[in-house]
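The values are calculated or read from the model by the stated rules, or taken from the named source; none is laboratory data. Please read these numbers as outputs of a predicted model, since none were measured by experiment. Heads up, the Cβs are rebuilt from the backbone with ideal geometry, glycines too, and the neighbour counts pull from every protein chain shown. For the accessible areas, the whole protein counts, side chains as well, though only heavy atoms, and no ligand, DNA or RNA atoms are used. Shrake-Rupley method; radii C 1.70, N 1.55, O 1.52, S 1.80 Å.
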Amino acid sequence: MDPTGSGEYRIARHADEKDALLFVPNAGLTLAEQLGLASKVDRPFFNPGNRYGNNPLYPMRTQDMPFERLAILTNLQRAPSVRYRQLAERVDQQVEFDVLPFDVRTDFLRAGESAIVTTFTLMFNNADLGFKDEGGIQKAQLNIYARVSALTGKRVGIFEEAPIITYQQSQFEVGRKLNSVYQKSLILPPGNYKIDFVVRDVTSGHTGIVRQGFEVPRYSPDALSTSSLILADIVEPVTRVSGSQFIIGANKVRPSVTQRFKQNQSLGVYMQVYNVQIDQASLRPAIEAEYVITNVKTGQEVQRIREDGKNGISDLSGYGQQIVLGRLIPLEKLEPGSYEITVVVTDKVARKTLTPKTFFTVEPAKS
């Protein structure tokens, strides 16, 4: 209930607290109060000493008895039940189950000074999953259990999901060679954490466990900074929101967990820049950004692209002193091998430059 009207909701410890007309004279009266046999003043809400209520017409309800009320409060404070209890038990086992391999990556985007959107992206090879035919549809189902803990061992949160991967019979042979990606986002304060994933293939019974430690960054309220530099196989404006997965603002960004791309693919790049300064003459940011790709083996620069903000993904308007950088870079001109991509961001007003970078691999296109 919110008895003060201030937005502070709390558990109502007595039924009278839910009476919207409790403080209005001659309104919201019980039958006994209307007959003059009782008064609002005698209600336990006003008179805690009146243990047995103020209604002489009806006996006290069972749920208002002291022990029943304590039981209700205890149940309200109980942790939610775990659906996949078998998976939760395996989190604490020391044996690593690698019969169902999968990869995990973690990215960070600022939602506030002490609220960081932490995204966990899991990738599964469809060839490792057990599919079964259901009415001409090939279907695989996973049960995912994850537990996030601080380094002190304190549990920060858990989540459970049951994603389903389906293919038409005519598309199954192609789909079998592809990967499936699942994503979950949590809002965490800055600090060091660890996460334990347990994934079970419902059809085959195979189970995989991945344990990872990660640090949620602390963003300065004033200094120029960036989110994680995300390399993705899909970066595109959102035209229709069908779910919360992979949606970041006005764009759909599906990270590449392994950061391996085919020559016939495009390299998706996405990043947010925070605390950009506003040019007082134009009342807009003055940001310059370039994407620089370097061959790791030779150390030579092979491609440099200047961001113009006209590709439908980037937003250089600086709303709330935050800009978005993103684009698709075709890879057909790059030879197979390892590369480094650096995003050079220069705030011309603050006269500061950031150069976040990461690595990716180009593989031969399929024949």
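Things to note:
- Among the trypsin sites (Lys or Arg not before Pro) within the range 328-367, those in coil by DSSP and having at most 16 neighbouring Cβ atoms inside 10 Å are Lys333, Lys348, Arg351, Lys366.
- Rel. contact order, % - alpha carbon contacts under 8 angstrom, at least six apart, the chain: 12 percent
- Against the criterion of solvent-accessible heavy-atom surface with a 1.4 angstrom probe, Asp42, Asp133 sort, most first, into Asp133, Asp42.
- Reach of Lys348 by Cα under 20 Å, taken over lysines that are not fewer than 8 positions away in the same chain: Lys310
- Dipole magnitude for the chain: computed about the Cα centre from +1 point charges on Lys and Arg Cβ and -1 point charges on Asp and Glu Cβ, it is near 180 debye.
- Between Asp233, Asp222, Asp128, the Gaussian network model of the chain with springs among Cα atoms under 10 angstrom shows the greatest mean-square fluctuation at Asp222.
- Of Leu100, Pro163, Val292, farthest towards positive along the dipole that unit charges on Lys, Arg, Asp, Glu beta carbons give the chain: Leu100
- The residue among Thr226, Ser185, Val257 whose Cα reaches farthest toward the positive pole of the charge dipole of the range 152-268, with charges on the beta-carbon of Lys, Arg, Asp and Glu, is Val257.
- Helix-derived mean residue ellipticity, 222 nm - over the chain, DSSP H n ≥ 4, -39500 (n - 2.57), to 500: -2000 deg cm²/dmol
- Once the Cα atoms are used to define both axes, helix 66-77 deviates from the longest principal axis of the chain by about 10 degrees.
- Charge dipole (debye, nearest 20) of the range 108-166; +1 at Cβ of Lys and Arg, -1 at Cβ of Asp and Glu: 280 debye
- Each of Leu283, Leu178, Leu76, Leu122 has its accessible area taken with a 1.4 Å probe; listed largest first, they run Leu283, Leu76, Leu178, Leu122.
- In the elastic network of the chain, a GNM with C-alpha springs shorter than 10 Å, the most mobile of Phe172, Phe131, Phe261 is Phe172.
- Rolling a 1.4 Å probe over the protein heavy atoms leaves Arg110 with an accessible area of roughly 50 Å².
- Using a simple spin-label model with pseudo-atoms 7 Å out from Cα toward Cβ, Ile72 and Thr239 lie 5.2 nm apart.
- DSSP-assigned coil residues among GluC sites (Glu not before Pro) in the range 257-354, each with at most 10 further Cβ atoms within 10 Å: none
- Mean separation of Cα contacts under 8 Å, 6 or more apart, over the residue count of the range 101-185: relative contact order %: 32 percent
- Residue separation of Met65 and Glu290 scaled by 0.36 nm, minus their Cα-Cα distance, works out to 74.1 nm of gained length.
- Accessible area of Leu231 in the full protein assembly, 1.4 Å probe (Å², nearest 10): 0 Å²
- A straight Cα-to-Cα reach below 25 Å connects Lys262 with the lysines Lys177, Lys252, Lys297, Lys333, Lys357, Lys366, residues fewer than 8 places away in its own chain not being considered.
- Rh by Kirkwood over Cα pairs, then Stokes-Einstein D for the range 253-304 at 1.567 mPa s and 4 °C, µm²/s: 89 µm²/s
- Taking every alpha-carbon pair under 8 Å whose residues sit at least 6 apart, the range 129-169 reaches a relative contact order of 43 percent.
- Trypsin sites (Lys or Arg not before Pro) restricted to the range 182-254 and DSSP loop, no more than 14 other C-beta within 10 Å: Arg218, Arg240
- Using only side-chain charges placed at the Cβ, +1 for Lys and Arg and -1 for Asp and Glu, the dipole size of the range 238-367 relative to its Cα centre rounds to 280 debye.
- Rounded to the nearest 10 Å², the accessible area of Ile341 at probe 1.4 Å: 0 Å²
- Surface accessible to a 1.4 Å probe, per residue, for the residues of the chain, Å²: 57 Å²
- Identified option (computed volume of the Cα convex hull per residue in Å³; candidates (1) 169; (2) 126; (3) 245): (3)
- Charge tally for Thr62 (other residues, Cβ to Cβ under 11 Å; Lys, Arg +1; Asp, Glu -1): 0.
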